[in-house]
1. So is GLU70 closer than 20 Å to PRO81 by Cβ, surrounded by 12 or more Cβ atoms within 10 Å (Cβ to Cβ), of a type outside the set (Val, Ile, Thr) and modelled with pLDDT of 95 or more or not?
2. Among the residues of the range 43-58, are any surrounded by 14 or more Cβ atoms within 10 Å (Cβ to Cβ), under 11 Å from the mean Cα position of the chain (by Cα) and part of a strand (DSSP E or B)?
3. Tell me whether the range 56-69 contains one or more residues that are over 30 Å from LYS11 (Cβ atoms), free of Cβ contacts under 8 Å to residues at least 12 places away in the same chain and not acidic (Asp, Glu).
4. Could you list, in sequence order, the residues of the range 7-32 that are over 18 Å from GLU65 (Cα atoms), surrounded by 14 or more Cβ atoms within 10 Å (Cβ to Cβ) and not hydrophobic (A, V, I, L, M, F, W, C)?
Amino acid sequence: MKTITVHIFDKGSSASMSETITVSDNSVKDREVIATKERIEQRKEEIFANVPFHKFYFEVECFDELTSEEESILDELELTPDC
């Protein structure tokens, strides 16, 4: 399973939140998750629609080895990991 973690920080306090996005997962063949821009974008929109802060910034973290295709999708969605 390849994931990224989006850390969102409130600019007015020390509050933060973190959410995970599955980039791809081929560990279980009958439940394979393929990296698609549409699916990742939908999850990104869900996360940012529920941010409780008025002013915030975010960082993206990834500890997995991503393919160039996966990196390209994340770049297009402005979710480039800081790794």
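The values are calculated or read from the model by the stated rules, or taken from the named source; none is laboratory data. Just so you know, these numbers come straight off a predicted model, no measurement behind them. Here the Cβ is made from the backbone with ideal geometry for all residues, glycine too, and neighbour counts use every protein chain on show.
1. Numbers: closer than 20 Å to PRO81 by Cβ: yes; surrounded by 12 or more Cβ atoms within 10 Å (Cβ to Cβ): yes; of a type outside the set (Val, Ile, Thr): yes; modelled with pLDDT of 95 or more: yes.
So GLU70 passes the test.
2. Yes; the residues of the range 43-58 include at least one that is surrounded by 14 or more Cβ atoms within 10 Å (Cβ to Cβ), under 11 Å from the mean Cα position of the chain (by Cα) and part of a strand (DSSP E or B).
3. Yes - at least one qualifying residue is present in the range 56-69.
4. Pass one, the range 7-32, residues over 18 Å from GLU65 (Cα atoms): 7-19, 28-31.
Keeping just the survivors that are surrounded by 14 or more Cβ atoms within 10 Å (Cβ to Cβ) gives 7-10, 17, 19.
Residues satisfying the conditions are HIS7, ASP10, GLU19.
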